[in-house]
Amino acid sequence: VGELPSPDLSALDLSLRAILSTAFDAAIAMREDGSIAAWNHIAARMFGWTSAEASGRLLSELIIPPEFRARHEGSLHRYLRTGVARSLGTHIEVSAMDRAGRAFPALLSTSELVHDGERVFVGFIRDISVQKQTEAKVAEVSERLELAVRAHSIGVFDADPETGAVHWNEELERIYGYEPGGFERSLPAWRGHVFPEDLARIDAEFEQALRDRASELTYSYRMTRCDGAVRYIEGSTRLLYDGAGRQFRRVGVNIDVTDRKTVEASLSETQAELIHVARFNSLGAMASSLGHELNQPLQAVANYIAAAEMALYRKPVPGVETAAEALKLASSGIERAGELIKRLRRMSSKGEMKPRRVDLAELLTESASLALHDARLNRVALDLAVEPEADKVYADPILLQQVVFNLLRNAAEAMSSTGGKIIVRASLKSAGEVMVEVEDSGPGLDADIASNLFTAFISTKSDGMGVGLSICRTIIEKSGGRIWASSDQGGTSFFFTLPRTARALDRSTPAGSAAI
Ligand code: ADP
């Protein structure tokens with residue numbers, strides 16, 4: 001580069017230099033004796049020797065790694081002797097070496113020319129080490145990619161939405177249930193597998209992405225595999241646009257996530273079951289031990305009542321009618337308590353409820369008279385409003401009564417020192433659902449337990465067991481409803497919902513039955 005020409009250049013040297021200087025590659029002219037006749041500036045840069053330094057040196061010593069020198073010299077001599085050359089006129093890959101001794105792969109093409117009776121070989125050399133490295137890297141990367149694609153069953157596609165031309169790999173064919181090569185490579189063939197409603201949705205998602213000039217899109221859909229099985233697919237696509245902003249390519253992947261989905265679903269189902277079983281077990285255990293404990297005194301009370309009735313019957317006294325009436329009420333109360341215990345025990349052991357169409361206004365009135373019997377003395381008033389459309393619900397009346405009873409007792413207890421009004425409202429929540437609200441004007445919910453209200457054995461009362469709301473939740477949820485509380489603007493409101501009809505219950509509880 002920039003070196004001064006030697007003053008004693010022959011005509012050959014001059015014309016060779018002129019030719020070599022126009023080359024795009026390193027260009028070297030070599031005489032029959034193997035010495036360098038000319039060397040262009042690209043060769044100077046590639047090998048690190050100036051043209052002056054290279055001139056006259058043996059080419060094999062200057063730029064051929066030692067281990068290849070003998071071979072180079074051998075083939076030159078053979079050619080000179082026999083006129084047979086392997087490399088002349090073609091491109092061959094060789095190993096070259098620069099001034100620092102670094103060997104590198106090169107592409108060599110040679111030709112021969114005769115000047116004034118002297119034979120000269122001209123070689124064009126291109127350093128292909130970067131190209132080689134890139135090739136090796138690409139091969140390595142694609143091998144790894146191929147491994148990953150196989151190991152994770154990733155379907156890969158490349159589509160031109162304009163022409164409809166697509167390419168996809170064997171994994172994608174396998175995902176759709178085909179043998180390699182069996183899945184017709186066309187967009188309509190793919191669309192034929194996708195659930196129509198999902199297809200409409202992802203078409204819209206694609207259109208939106210194109211309007212936004214998005215470069216990427218992820219989506220999911222269901223498809224029917226070749227053998228009729230329904231599979232869930234997750235897809236991710238790169239959207240490529242041309243200079244005019246038109247989409248010309250979609251490259252992406254498809255993954256079958258059905259198994260993952262199934263595992264997830266069964267996991268959360270199991271979890272829900274476990275939670276439910278745990279809650280139910282503790283409640284169940286308590287219900288049956290309570291039932292056991294209560295059965296004996298209840299039985300005793302029933303016996304005493306029967307004895308008292310008999311005594312009255314044998315020896316009537318003034319006012320006997322009132323007394324007999326009171327005893328009758330007492331024994332129906334006992335009966336109801338017994339029935340309730342039986343139901344609770346049955347519910348916890350066999351998991352059964354007996355839902356039917358219930359007249360809500362009647363049930364609320366009855367429950368209130370039981371729950372607020374003594375509360376009225378403490379200036380607790382009741383306001384009951386049932387919208388006509390909300391008058392019928394589908395539930396087990398005895399268990400529902402238990403819920404209302406618990407809520408009213410809690411409300412009355414919250415206002416025991418201050419007095420106040422309990423408002424009970426029933427209204428339509430939706431076409432299939434009735435919502436009941438029990439509102440009091442008490443002190444509101446204790447902040448410490450507000451988030452655990454419905455958890456069993458949590459109470460702020462010195463004599464409280466903390467199971468009332470837990471039982472309420474179990475009953476309401478098993479009836480196909482929800483229960484929640486709020487105490488935003490002073491006082492407390494409890495809400496619960498119930499299905500209006502058996503059909504509405506079927507819709508709200510996928511299990512589709514009243515069984516617990
Ligand atoms: P218990 O009445 O035995 O404490 P519950 O499950 O019925 O058990 O209620 C749990 C707790 O919820 C009560 O101790 C009380 O702190 C709170 N609570 C329930 N209803 C009300 C209400 N209407 N106003 C204020 N706090 C309430």
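The values are calculated or read from the model by the stated rules, or taken from the named source; none is laboratory data. If you're wondering where the values come from, they're calculated on a predicted model, not measured in any experiment. Note that each Cβ is placed from the backbone with ideal geometry, even for glycine, and that neighbours are counted across all protein chains shown. For the accessible areas, the whole protein counts, side chains as well, though only heavy atoms, and no ligand, DNA or RNA atoms are used. Shrake-Rupley method; radii C 1.70, N 1.55, O 1.52, S 1.80 Å.
Within segment 381-396, is even one residue within 16 Å of the ligand (Cβ to nearest atom), on the phi < 0 side of the Ramachandran plot and either without any contact (Cβ under 8 Å) to a residue 24 or more places away in the chain or open to solvent by less than 10 Å² (accessible area, probe 1.4 Å) (or both)?
No; the residues of segment 381-396 include none that is within 16 Å of the ligand (Cβ to nearest atom), on the phi < 0 side of the Ramachandran plot and either without any contact (Cβ under 8 Å) to a residue 24 or more places away in the chain or open to solvent by less than 10 Å² (accessible area, probe 1.4 Å) (or both).
Output the residue which, of all residues in segment 233-287 that are open to solvent by less than 40 Å² (accessible area, probe 1.4 Å) and not in a strand (DSSP E or B), is modelled with the lowest pLDDT.
Phe280
In segment 47-95, how many residues are open to solvent by 70 Å² or more (accessible area, probe 1.4 Å) and among the aliphatic types (A, V, I, L, M)?
Residues in segment 47-95 being open to solvent by 70 Å² or more (accessible area, probe 1.4 Å) and among the aliphatic types (A, V, I, L, M): 2 in total.
With the checklist (1) closer than 17 Å to Leu363 by Cβ; (2) modelled with pLDDT of 90 or more; (3) near the ligand (Cβ under 9 Å from one of its atoms); (4) not small (Gly, Ala, Ser) in hand, flag the one item Glu437 doesn't pass.
Here Glu437 meets the rest and fails (3).
Grab the strands (runs of 3 or more DSSP E) fully contained in segment 134-232, keeping just those with 1 or more residues being over 25 Å from the mean Cα position of the chain (by Cα).
154-160, 165-168
Of all the residues that make up segment 97-108, how many are in contact with a Leu (Cβ under 9 Å, 6 or more places away or on another chain) and open to solvent by less than 60 Å² (accessible area, probe 1.4 Å)?
1
So in segment 326-365, with the set limited to residues that are among the aliphatic types (A, V, I, L, M) and outside any helix (DSSP H, G or I), which one is modelled with the lowest pLDDT?
Met353
Based on what the data block shows, is Ala426 more than 37 Å from the chain's Cα centre (by Cα), assigned to a helix (DSSP H, G or I) and buried (at least 20 other Cβ atoms within 10 Å of the Cβ)?
No, not satisfied.
Find all pairs meeting these conditions: Cβ atoms under 7 angstrom apart; at least six residues apart or on different chains; first residue within segment 465-480 and over 9 Å from Val403 (Cβ atoms); second residue more than 9 Å from the ligand (Cβ to nearest atom) and in a helix (DSSP H, G or I).
The qualifying pairs are Val467/Met286; Ser470/Leu283; Thr474/Arg279; Thr474/Phe280; Thr474/Leu283; Gly480/Leu505; Gly480/Ser508.
For segment 404-425, which residues satisfy the criterion of being modelled with pLDDT of 90 or more, within 12 Å of the ligand (Cβ to nearest atom) and touching a helix residue (DSSP H, G or I) at 6+ places or on another chain (Cβ under 7 Å)?
Correct list: Leu407, Leu408, Asn410, Ala412, Ile422.
Considering each residue of segment 445-469, count those that are within 6 Å of the ligand (Cβ to nearest atom), open to solvent by less than 40 Å² (accessible area, probe 1.4 Å) and not β-branched (Val, Ile, Thr), and give that number.
Of the residues in that region, 5 qualify.
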